[in-house]
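Structure first, then comments.
Taken together, the values in this text are just the output of simple stated rules run on the coordinates, not laboratory data. Remember, it's a predicted structure, so these values are computed and weren't measured experimentally. In this analysis, Cβ positions are derived from the backbone assuming ideal geometry, glycine residues included, and neighbour counts consider all displayed protein chains.
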């Protein structure tokens, strides 16, 4: 889409923003809600724990917990699946650290069925603890312990681009920095290093899209390219790919051709190169994803790089779904889904 | 309450059960929903992980994730806080393994504000991984690794009393045993052994009750006595205690006197002594809790043991909030709250 078209959209989005905030106080009506698991397999483990647990037996691993809400008009739109990033859970998409409405509820209020998935090995999806218990039992050396990634506040500040250095926010930063302690509470140990390859979350996301008879998959950061990875396993249920701020890996021509059949949106925020001592990788991630977008386009695909500063939207952090203008950004995604996924769906 | 009064209630509850199932298909309207954390503190950790994470820094531990839904008439009732048991998450209270409505939504449909808390160190509340990483780094011996409790399917079957032996259900069992694999997916590693003493969840539950200006606290199994433990730390926000199937520890006279000021309900299901090779402890837990109820009564408190078979309700498992008659049991709890907590509130 051309830039002038985006400016028109952004103007109406800005006008709609105040109304959206008022709407957030209105009651919310759901057709239904609930939770379930996708995937999972049995694994036999050695004795561990207390009492009857001290016998060998099976546990279930690699399952993915999914929590959903369906609005009354949900059937008129393609469902949206949201998957969080490193060291986080589905809390990412809920109430923001400063208490505003998250994307999960906002999308439901915009008549979208929303599915929040905790990555396999994280949060309510559980993880495989058998190596930890084997090391404790002395049957496996400590060097084989998983690398449990515990991102510090300092790491979050720099990777999430809250400011040039720790505790010094960007003057134009959109993240609600006064509530950063509440974000730190969302950060939980990341046990993805315990997972087999390929990551079961990819297969589970693809299976979820099939189960839903079609869905837009959205990922962020660590999971930013998971929608594409899911599509490379089974594209049949995937109607759109939304990837937010992540590296885009090199792919084969055949892989690009598969992905080029699905509308793709990539979103990046601001200050990609402005963090001192932080990862230089945001700029290179951005460049890698620009290349990916071009590759998809070259195969005739519908792919778009939405770099927010280029649209005049400044100061967005890596946690842009929690930024002060999060509902404005949500409107950009909804408009993209309407134009690129839903329009396509209706024209079939 | 006398048995004949319960029989009257149970008759009306049974009649209401069919209607309740029909109601579950109706749209659900919420005044609001969201999530937040209670508690949490900073801890400095040694370098771990990749990239900028390889510098020491702070992480947040011991926080408790809370997800809530408030119905339009929620202000007319005391909020209810539900806390799950061992090796489980708040999934416990949601959609049952066979896809029926959980207590979380049912209580909301009955005009109660519901708060689901993931125990500190579990699921979306995260856990403290520093000992695991210290063992991997070689600075701490493997013997100091936490005991990560991974309950097997076999353990679940016996502890949750699904049948006399593994894969042999009780003929009158209320658990939807055809969906037991879905329950196994809910079972996730339990890292409570990493927690300090007293368990931070207790303090967090007490703080949540204060934040809500009064709440009924409900616990189950591992967390069954957490409502009482919370009240022993700070009873000021706690308007009622509901404890489901757990051991009741010995308490001092002063502790009993504190708890005797708060209405208390204890619920136990069926087949307490009928599992071969299972924990003999369900009968002794039941006896210990009967003693606790009597101690509270002796101090002039309002305490009640609701042993379901004694009310003519047979076949309930340990996971009674997921049993086929789960909404019937929910009605018993709602009736108890109305009579013992709300009536008291109104008379003040």
**Q.** Inter-label distance for residue B:42 and residue A:26, nm, one decimal - labels placed 7 Å from Cα along Cα-to-Cβ
**A.** 4.2 nm
Q) Mind checking the angle between helix A:3-23 and chain A's longest principal axis? C-alpha axes, 0 to 90 degrees, to the nearest 10. A) 70 degrees
Q | Nearest-ten-degree value, helix B:200-211 long axis tilted from longest Cα axis of chain B | A | 60 degrees
Q: Using only the Cα atoms of the stretch B:76-132, build the gyration tensor, take square roots of its eigenvalues as a ≥ b ≥ c, and label the shape rounded, prolate or oblate: rounded if a/c is under 1.5, else prolate if a/b is larger than b/c, else oblate.
A: oblate
Q) So for B:321, A:306, fewest C-beta neighbours within 10 Å to most, what's the order? A) A:306, B:321
Q) Where in the stretch B:304-340 does the label zone of residue B:274 land, with the point 7 angstrom along Cα→C-beta and an amide N cut-off under 12 Å? A) B:309-310, B:313-318
Q: May I ask you to report, in nm to one decimal and beginning with the shortest, the distances from residue A:144 to the same position in the other copies, taking label points 7 Å along Cα-to-Cβ?
A: 2.3
Q.
Output needed: percent of Cα pairs per 5 Å distance bin for the stretch A:134-271, bins running from 0 to the one holding the longest distance.
A. 2, 9, 14, 16, 15, 13, 13, 11, 6, 2, 0
**Q.** Calculated Rg and Dmax of the stretch A:268-332 using C-alpha coordinates, Å
**A.** 13.1, 39
Q. Between residue B:211 and residue B:335, what length comes free when the chain is fully extended (0.36 nm per residue of separation minus the Cα-Cα distance, one decimal in nm)?
A. 42.2 nm
Q: Compare A:207, A:117, A:250 in a GNM of chain A, Cα atoms joined below 10 Å, and give the one with the largest fluctuation.
A: A:250
**Q.** Solution diffusion estimate, µm²/s, Stokes-Einstein, the protein assembly as shown, Kirkwood Rh from C-alpha pairs, 25 °C, viscosity 0.890 mPa s
**A.** 94 µm²/s
Q) Normalised by the number of residues in the stretch B:243-348, what is the relative contact order in percent for Cα pairs under 8 Å and 6+ residues apart? A) 32 percent
(Q) If I histogram all Cα-Cα distances within chain B using bins 20 Å wide from 0, what percent of pairs lands in each bin? (A) 29, 58, 12, 0
Q | Cα pair distances in the stretch B:75-183, grouped into 5 Å bins until the bin that holds the longest one, percent each | A | 2, 10, 14, 15, 16, 14, 11, 8, 6, 3, 1, 0
**Q.** Number of partner chain Cβ atoms within 10 Å, mean per residue of B:152-163
**A.** 4
Q. Considering only DSSP beta bridges with both partners in chain A, what is the antiparallel share in %, to the nearest 5?
A. 45 percent
Q.
I'd like the per residue volume of the convex hull spanned by the Cα atoms of the stretch B:215-348, given in cubic angstrom.
A. 106 Å³
Q. Highest GNM mean-square fluctuation, chain B, Cα pairs closer than 10 Å: which of B:32, B:281, B:121?
A. B:32
**Q.** Residue with peak Gaussian network fluctuation, chain A [Cα springs, cutoff 10 Å], from A:102, A:138, A:219
**A.** A:138
Q) Distance from the Cα centre of the stretch B:64-118 to that of the stretch A:167-243, in angstrom? A) 26 Å
Q: May I ask you to sort A:81, A:140, B:78 by Cβ crowding, counting other Cβ atoms within 10 Å and putting the fewest first?
A: A:140, B:78, A:81
Q: Quick one: angle between helix B:326-336 and the longest Cα principal axis of chain B, in degrees between 0 and 90, rounded to 10, please.
A: 80 degrees
**Q.** Förster radius 41 Å - calculated FRET efficiency between residue A:294 and residue A:139, Cβ distance, rounded to 0.05
**A.** 0.20
Q) Considering only DSSP beta bridges with both partners in the protein assembly as shown, what is the antiparallel share in %, to the nearest 5? A) 45 percent
Q | Exposure proxy ranking, count of Cβ atoms within 10 Å, fewest first, for B:136, B:211 | A | B:211, B:136
Q: Put a label point 7 Å from Cα along the Cβ direction on residue B:273, then list its distances to the equivalent points in the other copies in nm, shortest first.
A: 7.7
Q | Residue-averaged beta-carbon neighbours from other chains (10 angstrom radius) around A:129-135 | A | 6
Q: Can you figure out the FRET efficiency of residue B:168 with residue B:343, using R₀ = 41 Å and their beta-carbon distance, to the nearest 0.05?
A: 0.40
Q) Separation between the residue B:234 and residue A:304 pseudo-spin-labels, each 7 Å from Cα along Cα→Cβ, expressed in nm? A) 4.9 nm
Q) How far is residue A:343 from itself in the other copies, in nm, if each label sits 7 Å out from Cα along the Cα-Cβ line, shortest first? A) 6.4
